[in-house]
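Q: I have a structure here, written as structure tokens, and I will follow up with some questions on it.
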Amino acid sequence: MNITINHLIKKFGDKTVVNIPEFSIPQGQIVGLVGNNGAGKTTLFRLMLDLLSADEGNISYMDESNHAINPATSEEWKNWIGAYIDEGFLIDFLTTEELFEFICKLGNHKYILPDFLQEYKDKFTNEEIFGTNKLIREFSAGNKQKIGILSAMLNLPKILILDEPFNFLDPSSQNLLKVMLKNYCYRTNATILVSSHNLQHTTDICNRIVLLEHGVIIKDFDNTDETAKEVLTSYFKVQE
Ligand SMILES: Nc1ncnc2c1ncn2[C@@H]1O[C@H](COP(=O)(O)OP(=O)(O)OP(=O)(O)O)[C@@H](O)[C@H]1O
């Protein structure tokens, strides 16, 4: 599924926090969104998920039959997009299984962990997340993050949006998540958008990197040859 952004502007008060005249992501790319605190990464994701309304412009998702869907005016996109932005996406008085049953119900099917997630489940969750009868609010920050990531992938979305997914994860889980995301894209040709402050992880998994500052895309470059790290390291370098 392709993503197209046209003349997108979001303001809070008189401050413009997203200003993207034109931007598109073809199906199957893993795009890394980087930028300093307050650059507008989360706001852009929230606009893409219709959690915020744009002041101007629009976003559209286009399927293989060139049927364009604007998330601000249609509900159709909800079946193909999976996202985890923050804990607000979790219903924390439920157990993991109850949350997953609820999400599957929204996707119009019975709760069953797809083969793809079944494959990684034990290693990724260290057998701590399922079958415990624990409520989500009782889990550690890292385990909540894992529940959120798995919940975003539960309905095998064609577009997967993850805001700072490596946060709170232990090093092995961070590395496993990279493998999972790359394999998910490889096997399903899904489009994946990931924001992160970790340049190593971003450049390890993304074939395209977008650098956002003050809501504006200031660099958009290819990383298929894995050369982006150098550019990013130099951009974020602090003069001593
Ligand atoms: N609800 C809101 N009301 C007012 N200003 C907001 C609101 N949400 C975000 N902002 C402002 O919008 C700007 C972009 O914030 P955003 O959270 O999108 O940045 P970010 O790139 O995700 O930052 P970080 O890396 O710190 O998570 C910031 O200046 C922020 O203060």
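Any read-out appearing in this document is the output of simple, stated calculations on the displayed coordinates, not a laboratory observation. Remember, predicted model here, so these are calculated numbers, not experimental data. Methodologically, a virtual Cβ is constructed for each residue, glycine included, from the backbone with ideal geometry; neighbour enumeration extends over all protein chains shown.
Q: For a quick check: sort Ile161, Ile218 by the number of other beta carbons within 10 angstrom, fewest at the front. Walk me through the numbers on the way to the answer.
A: Details: Ile161 25, Ile218 12.
Ranked by crowding around the Cβ, least crowded first: Ile218, Ile161.
Q: Rounded to the nearest 500, what is the 222 nm mean residue ellipticity of the chain from helices alone, with -39500 (n - 2.57) per DSSP H run of 4+ residues and division by all residues?
A: For the chain, the value works out to -9500 deg cm²/dmol.
Q: Sticking with this one: Within straight cross-link reach of Lys229, meaning Cα distance under 18 Å, which lysines are found once same-chain residues fewer than 8 apart are removed?
A: Lys178, Lys182, Lys219, Lys237
Q: Sticking with this structure for a sec: Which residues make up the longest stretch of the chain clear of chymotrypsin sites (Phe, Trp or Tyr not before Pro) that lie in a DSSP loop with no more than 13 other Cβ atoms within 10 Å, not counting the sites?
A: Answer from the scan: 94-235.
Q: Under 16 Å from the Cα of Lys144, which lysines turn up, not counting those fewer than eight places away in the same chain?
A: The reachable lysines, counting only those whose Cα sits under 16 Å from Lys144, are Lys121, Lys123, Lys134.
Q: Now, a different point. How long are the three semi-axes of the equivalent ellipsoid of segment 1-140, in whole Å, if each is the root of 5 times an eigenvalue of the C-alpha gyration tensor, listed from largest down?
A: On the way: eigenvalues 196, 74, 43 Å².
Largest first, segment 1-140 gives 31, 19, 15 Å.
Q: While we're looking at this one, here's another question. Got a sec to turn the phi values of segment 29-43 into Karplus ³J(HN,Hα) couplings, 6.51 cos²θ - 1.76 cosθ + 1.60 with θ = phi - 60°, whole Hz, x for Gly and Pro?
A: 8, 10, 9, x, 9, 10, x, 5, 3, x, 5, x, 4, 5, 4
Q: Let me ask you something else. Using only Cα atoms, what is the ratio of the radius of gyration of the chain to 2.2 N^0.38 Å?
A: 1.00
Q: When we measure straight from the Cα of Lys15, which lysines land under 16 angstrom away, once same-chain ones fewer than 8 places off are left out?
A: Straight-distance partners of Lys15: Lys41.
Q: Now a separate question. Using θ = phi - 60° and the Karplus form 6.51 cos²θ - 1.76 cosθ + 1.60, what ³J(HN,Hα) does each residue of segment 13-20 get, whole Hz, x for Gly and Pro?
A: Working through the residues one at a time gives x, 9, 9, 7, 9, 9, 8, 10 Hz.
Q: ³J(HN,Hα) across segment 228-238 via Karplus (A = 6.51, B = -1.76, C = 1.60, θ = phi - 60°), whole Hz, x for Gly/Pro?
A: Going residue by residue, I get 5, 4, 4, 4, 5, 4, 5, 5, 8, 5, 9 Hz, with x marking Gly and Pro.
Q: Restrict the search to segment 112-193; then list the trypsin sites (Lys or Arg not before Pro) that DSSP places in a loop and that have at most 11 other Cβ atoms within 10 Å of their Cβ.
A: Passing both the DSSP loop test and the Cβ count: no residue.
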